[in-house]
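> Provided herewith is a single structure, encoded as structure tokens, for subsequent inquiry.
The values are calculated or read from the model by the stated rules, or taken from the named source; none is laboratory data. All values reported here derive from a predicted model rather than from experimental measurement. Because the Cβ atoms are built from the backbone with ideal geometry, glycine has one as well, and the counts that use them run over all protein chains shown. For the accessible areas, the whole protein counts, side chains as well, though only heavy atoms, and no ligand, DNA or RNA atoms are used. Shrake-Rupley method; radii C 1.70, N 1.55, O 1.52, S 1.80 Å.
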Amino acid sequence: MKIDLSLKNAALYTGCKIEEVAGRLNLTTPIPEAISIVGRNIAAMDIDPKEVTLTGPMAVWAYLIIFHAVVHKTAKVYYDDGRSGAVLIAAHG
């Protein structure tokens, strides 16, 4: 299962305010509020119990929130920057 952390992932950012400026998506929801929203959204998602790959351009805080939510629901978590292939960042179970 891949989880795109970019602002294009509507399911992850439902409830956040996002606007396009000069062809680029920008999160306008204040970060403390966005952290709570994204945390609730990822907690409500069905997560593959075998493996998850985190990908997509987004701020570090979003990766930390998502990683924390999925690491306890799946056996392996990978990171893929889209250039060098997936890298295993957590494994258990």
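> Round to the nearest 10 and report in Å² the accessible area of T28, as given by a 1.4 Å probe over the protein chains' heavy atoms.
That residue has around 60 Å² of solvent-accessible surface.
> Treating only the Cβ atoms of Lys and Arg (+1) and Asp and Glu (-1) as charged, compute the dipole magnitude of the chain about its Cα centre; round to the nearest 20 debye.
Around 80 debye, computed over the chain.
> A further question on this structure: Might you tell me the accessible area per residue for the chain, computed with a 1.4 Å probe and given in Å²?
For the chain, the solvent-accessible area averages 61 Å² per residue.
> So, one more: Out of residues 5 or more away from Y78 or on other chains, whose amide H comes under 5 Å of its own, with H placed 1.01 Å from N in the peptide plane?
Residues meeting the amide H criterion: V52, T53, L54, I89.
> On to the next question. Trypsin sites (Lys or Arg not before Pro), restricted to the range 1-55: which are DSSP loop and have at most 10 other Cβ atoms within 10 Å?
Answer in residue order: K50.
> Same structure again: Return the calculated 222 nm mean residue ellipticity for the chain, to the nearest 500 deg cm²/dmol, obtained by summing -39500 (n - 2.57) across DSSP H runs with n ≥ 4 and dividing by the residue count.
-9000 deg cm²/dmol
> Give me the percent relative contact order of the chain, please, defined on Cα pairs under 8 angstrom at least 6 residues apart.
Rounded, it is 27 percent for the chain.
> Continuing with this model, one more query. Work out the count of Lys pairs in the chain where the Cα-Cα distance is under 17 Å, with the pair 8 or more places apart or on different chains.
Lysine pair count for the chain: 6.
> Using label points projected 7 Å from each Cα along Cα→Cβ, tell me how many nm separate A43 and A11, to one decimal.
1.8
> In terms of modelled amide H atoms, which long-range or inter-chain residues lie less than 5 Å from the amide H of I18?
For I18, whose amide H was placed from the backbone, the distant partners under 5 Å are T28.
> Residue-wise, which Karplus ³J(HN,Hα) couplings in Hz belong to the range 45-56, taking 6.51 cos²θ - 1.76 cosθ + 1.60, θ = phi - 60°, and x for glycine or proline?
7, 6, 10, 4, x, 8, 7, 9, 10, 8, 8, x
> Determine how large the accessible area of V21 is when every protein chain is in place; take a 1.4 Å probe and give Å² rounded to the nearest 10.
70
> Quick check: the angle from helix 60-70's long axis to the longest principal axis of the chain, C-alpha only, nearest 10 degrees?
The answer is roughly 40 degrees.
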